[in-house]
Amino acid sequence: MRTVQIGIIGGGTVGGGVYQAILRNGSLMASRLGIKLEVGRVVVRNLRKPRAVAIPKSLLTTDWKKVVADPSIDLVVELMGGTSTAREVVLAALKAGKPVITANKALLSEHGEELFAAAAKAGVNLYYEASVAGGIPIIKVLREGLIGNRITRLYGIVNGTCNYILSRMKREQADYAAVLADAQKMGYAETPPDLDVDGHDAAHKTGILASLAHGFWVQPKQVHTEGIRNLTQQDIQFAEKLGYTIKLLGIVKASPSGLRPPASGIQVSVYPALVPNTHVLASVNDVFNAILVRGDVVGDTLYYGRGAGQDATASAVLSDLADAALDLKCGSHHRVPSFVRHEHNGHVLPIDDVVSRYYLRLTVEDRPGVMAKVTSVLGKAKIGISSVIQPEGHQGATVPLILMIHDAPNRTMQKAIARIAKLSVVKSAPVMIRVESFE
Ligand code: NAP
Ligand code: HSE
C-alpha cells in the first residue's frame, strides 16, 4: 500500500486534532483509500510548550523550511494561522510541487487569488475544506455537489465563537466577556478573538463562499462587516419578545429585490440580524454552524454541524487529506480544481444599495409628541413602519421605543437614523439591527 508522508505546520488546537484523528482513524482511512497516511513532521514555535495532544518529540521541529523542502514529505498541511509566514509556507510548498491543505480562512481571503494561481502554475492543488464552517463539508458542496446550480442565496451562521456567545447570552442572560473567555478556553476563538467578535472571521468565510458560488474572487474589503461586540442583552431580549433571535449572519444574495443591479451584482455581507424564531437558522445554537444554500435547480438546501473546535476541524482536514492523497495516487489534481473563475463581470454591491428590513431601538423622553417627531423623519424619507412597541414597566425619565421598519435601502435608512439621532427627544445613540426575511 502506498504511504503518503504529511508535514503538518502547526501543532496547536487544529494541528493536534489532526495528529490525534490520524492516530484514531488512520487505518479506517487506509482501508477506504488504499493509501496509508503518515505524519512525518509537525512544526511548532516552541518545542517545550506543554501540549493538550501529546505529539512525539521525534516528530516536532521549529523549522518549517526544512519540512517543506524535505523530499520525503509528500504534502503540507498549513495549520499555523496568520497571513504572513503562513503565506510563505504555502507558496514555498506549492513551488516545491507539493499539494497543500489549509484551514486558514484569513490567508485565503487575503491572498486566495495569488495562492490559487501559484497552485495552478505548480500543477498541484490547494485544499481548504476546514477554512469554512469547521466540520461541515461546505466547500465540497459548492464546488461539487451543487455545481449544476446558480446560487441565488446563501445564508450562513459561520462563526462558532459568535454563535456560542449569542446563544448563551440569550439562554442564560450570560455576560458577554465571561462567555467569550469560555469560547477561548474551548479552542473555538481566533488569536486575537477580535477576529471573531468583530465579524472579520465570518467575513473571511463568507467571502470564500461567495467567491466559490459566484466565480470571482471577493476581496475582504468588499465584504460589509459588522460584529457582535456592541449587541446588548436588552436587544437580545426585545428581539425574543418580538419573535426573533439575533444571529451573526454571512449573507450572499444575487440581485437583491428592489434594486436594478447589473446582472451579476451580489450582496456579500456579515452582520447581526434578527432571524424569525420560526426559521431553522434561529435554532442553531452554541458552537454549531449552519448554512442555507439556495440553488436555481435544487431549491433550498441546509448544512449543519460543529463550526469550530479541535475535532470538527480535524474532520474537515481529514477529508482534504483523503482528496489530496487520492489525487497524488491517481495524478488527478486537475479533476476538481480548487477554485475556478467563471464570472468575469461579477461585482459586490455596496451596502448602501442593499435593501432590508430593520429593528430600530431608540431611547426617548417619556412625554407626548415624541412618536410624532420620530415618525415624521421616517415619513419624509419614505420609510414605512410595520410596528411600534413601547414596553411598559420602565424606570426613569426615558423609555425604549422599538420600531420595526419595512424594506428600505441602507443608504436611506442610515440618513434617517442620523436625523433621528439629532432630535432633542432622543437621548442616546439609536440601535439599528437588520431583520432577515430569507425571501
Ligand atoms: P493555535 O492553537 O494557535 O495553533 C497554531 C500552531 O502553529 C501552534 O502549534 C504554534 O506553535 C504554531 N505556530 C504558529 N506560528 C508559528 C511559526 N512562526 N513557526 C512555527 N510554528 C508556528 O491555532 P489553531 O486554533 O490550531 O488554528 C490554526 C489555523 O486553523 C488558523 O488558521 C485558524 O484560523 C484555523 N482554524 C481554526 C479552527 C479552530 O476551531 N481553532 C477552526 C477552523 C480553522 P506553538 O504550539 O509552539 O505555539
Ligand atoms: N474562530 C472560528 C470560529 C474557528 O469560532 O468559528 C472556526 O473557523
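The values are calculated or read from the model by the stated rules, or taken from the named source; none is laboratory data. Quick caveat: nothing in here was measured; it's all calculated off a predicted structure. Virtual Cβ from ideal backbone geometry, glycine too; neighbours counted across all protein chains shown.
Here are the numbers for this structure:
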read-out: Residue match in the range 169-181 (condition: within 16 Å of ligand 2 (Cβ to nearest atom) and either buried (at least 24 other Cβ atoms within 10 Å of the Cβ) or of a type in the set (S, T, N, Q) (or both)); value: no
read-out: Exclusive hit being within 16 Å of ligand 2 (Cβ to nearest atom) and of a type outside the set (D, E, K, R), set Ile147, Ile138; value: Ile138
read-out: Strands (runs of 3 or more DSSP E) within the range 1-83 that include 1 or more residues in contact with a Ser or Thr (Cβ under 6 Å, 6 or more places away or on another chain) and in contact (Cβ under 8 Å) with a residue 40 or more places away in the chain; value: 2-9, 75-78
read-out: Candidate set: the range 170-212, residues that are of a type in the set (Gly, Ala, Ser), more than 10 Å from ligand 1 (Cβ to nearest atom) and not in a helix (DSSP H, G or I); chosen: the one modelled with the lowest pLDDT; value: Ala174
read-out: Unmet criterion (only one of (1) in a helix (DSSP H, G or I); (2) within 16 Å of ligand 1 (Cβ to nearest atom)) for Asp352; value: (2)
read-out: Every residue from the range 298-328 that is more than 17 Å from Leu126 (Cβ to Cβ) and either touching a Lys or Arg at 6+ places or on another chain (Cβ under 8 Å) or acidic (Asp, Glu) (or both); value: Asp300, Thr301, Asp311, Ala312
read-out: All positions within the range 382-437 that are without any contact (Cβ under 8 Å) to a residue 24 or more places away in the chain, assigned to a helix (DSSP H, G or I) and touching a strand residue (DSSP E or B) at 6+ places or on another chain (Cβ under 6 Å); value: Ala421
read-out: Search result, residues across the range 88-123 that are surrounded by fewer than 24 Cβ atoms within 10 Å (Cβ to Cβ), closer than 20 Å to Gly15 by Cα and under 19 Å from the mean Cα position of the chain (by Cα); value: Ala106
read-out: Test: residue in the range 146-156 that is within 16 Å of ligand 1 (Cβ to nearest atom) and surrounded by 24 or more Cβ atoms within 10 Å (Cβ to Cβ); value: yes
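Yes/no matrix, rows are residues, columns are (1) of a type outside the set (S, T, N, Q); (2) modelled with pLDDT of 95 or more; (3) surrounded by 19 or more Cβ atoms within 10 Å (Cβ to Cβ):
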| site | (1), (2), (3) |
| --- | --- |
| Pro337 | yes, no, no |
| Gly346 | yes, no, yes |
| Ile351 | yes, yes, yes |
| Arg361 | yes, yes, yes |
| Thr375 | no, yes, no |
| Leu378 | yes, yes, yes |
| Ile383 | yes, yes, yes |
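A quick yes/no check of all residues on (1) free of Cβ contacts under 8 Å to residues at least 24 places away in the same chain; (2) over 17 Å from the mean Cα position of the chain (by Cα):
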{"site": "Ala174", "(1), (2)": "yes, yes"}
{"site": "His200", "(1), (2)": "no, no"}
{"site": "Gly215", "(1), (2)": "no, yes"}
{"site": "Gln222", "(1), (2)": "no, no"}
{"site": "Leu249", "(1), (2)": "no, no"}
